[in-house]
Amino acid sequence: LEAENITTVSEAGDFWIDRLETANEGAGAGVKELRLFTDGGYYSLEYRNPPGSAPFRGTSGEQGVYLRFVPSREVDERKGGGIQYGPLIWPDNLVLQNGQSQEDPFREVTFRVTETTDTQAHVEISY
């Protein structure tokens, strides 16, 4: 994944994510990973449609928007040092299908997949 295929957002909104398996040129050179930074790390969203491919990071290899929280590895001096990961409420990778949503009540953010095509997924992020 190239740096130009990763988009970082800092607020709620509507976003299109290109399928990760598309070529990295022409129509497939768009956003392939969406990152939302928050307290304790960032959320990563990727649209995957891995037909016949091996499962990704412990998932079943199904089509959908893969949502995961990547914890910060920064030292928190106020708590005596060490790695602070923050609470997680779902498995390492959660796969959202069209029409599904996931809320993280600890960070008060909701992700909803509103449309999918063969090449793109539309995601709403709200606080």
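Below are the figures for this structure:
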quantity	calculated
Extended-chain gain in nm, criterion 0.36 nm per residue less alpha-carbon gap, Y127 and E4	41.7 nm
Gain on full stretching of the segment that runs from E62 to V109 - 0.36 nm per residue minus C-alpha separation	14.5 nm
Cβ-defined net charge surrounding V109, 14 Å radius [Lys, Arg +1; Asp, Glu -1]	-2
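Readers should treat all values here as calculations from the given coordinates under stated rules, not as data from a laboratory. Quantities reported herein were computed from a predicted structural model and do not represent experimental measurements. We place every Cβ from the backbone using ideal geometry, glycine too, and count neighbours over all the protein chains shown.
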